[in-house]
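Take a look at the structure below.
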Amino acid sequence: MIRKITRGTSSVDGSKTIKCSITDTSKVIVILDIAPVFDSSSYSGDSSDAILFNPSVYLKSVSTTGITVKGSSQTIENTLQGYFYEINSTTITFSYQIIEFM
């Protein structure tokens, strides 16, 4: 039986703690969902060659006061033009669901 579901949207650049009250950390499922990101902010050429990268957000820990997540992005090489792009610090927006069972 489900005790409580907490839903929301957040952004992370590195680590972040999402505060919520969890009764029993051993009876929790966390679902994190992110969408593919298209970023042309650091490319000055044709927008069709802009940087595409795959962000990831994963769960670091669960405590009675919330969950801690970490976000990171990948470096992508544009092999058609022979250019190499590196994305170091990118804010990643994601949605979450924290499902606590009785």
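Every number here is computed from the coordinates shown, using simple stated rules; none is lab data. If you're wondering where the values come from, they're calculated on a predicted model, not measured in any experiment. Methodologically, a virtual Cβ is constructed for each residue, glycine included, from the backbone with ideal geometry; neighbour enumeration extends over all protein chains shown.
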* Asked: How about LYS16: which lysines have a C-alpha closer than 18 Å to its C-alpha, ignoring those fewer than 8 places off in the same chain?
  -> LYS60, LYS70
* Structure fact -> Within the under-12-Å Cβ sphere about ASP24, not counting ASP24, Lys/Arg +1 and Asp/Glu -1 give a net charge of +2
* Would you calculate the separation in nanometres between label points at LEU59 and THR93, each defined as 7 Å from the Cα along the Cα-to-beta-carbon direction? => 2.4 nm
* Asked: Whose amide H sits under 5 Å from the amide H of CYS20, counting only residues 5 or more places off or on another chain, with H placed in the peptide plane?
  -> GLY66, ILE67
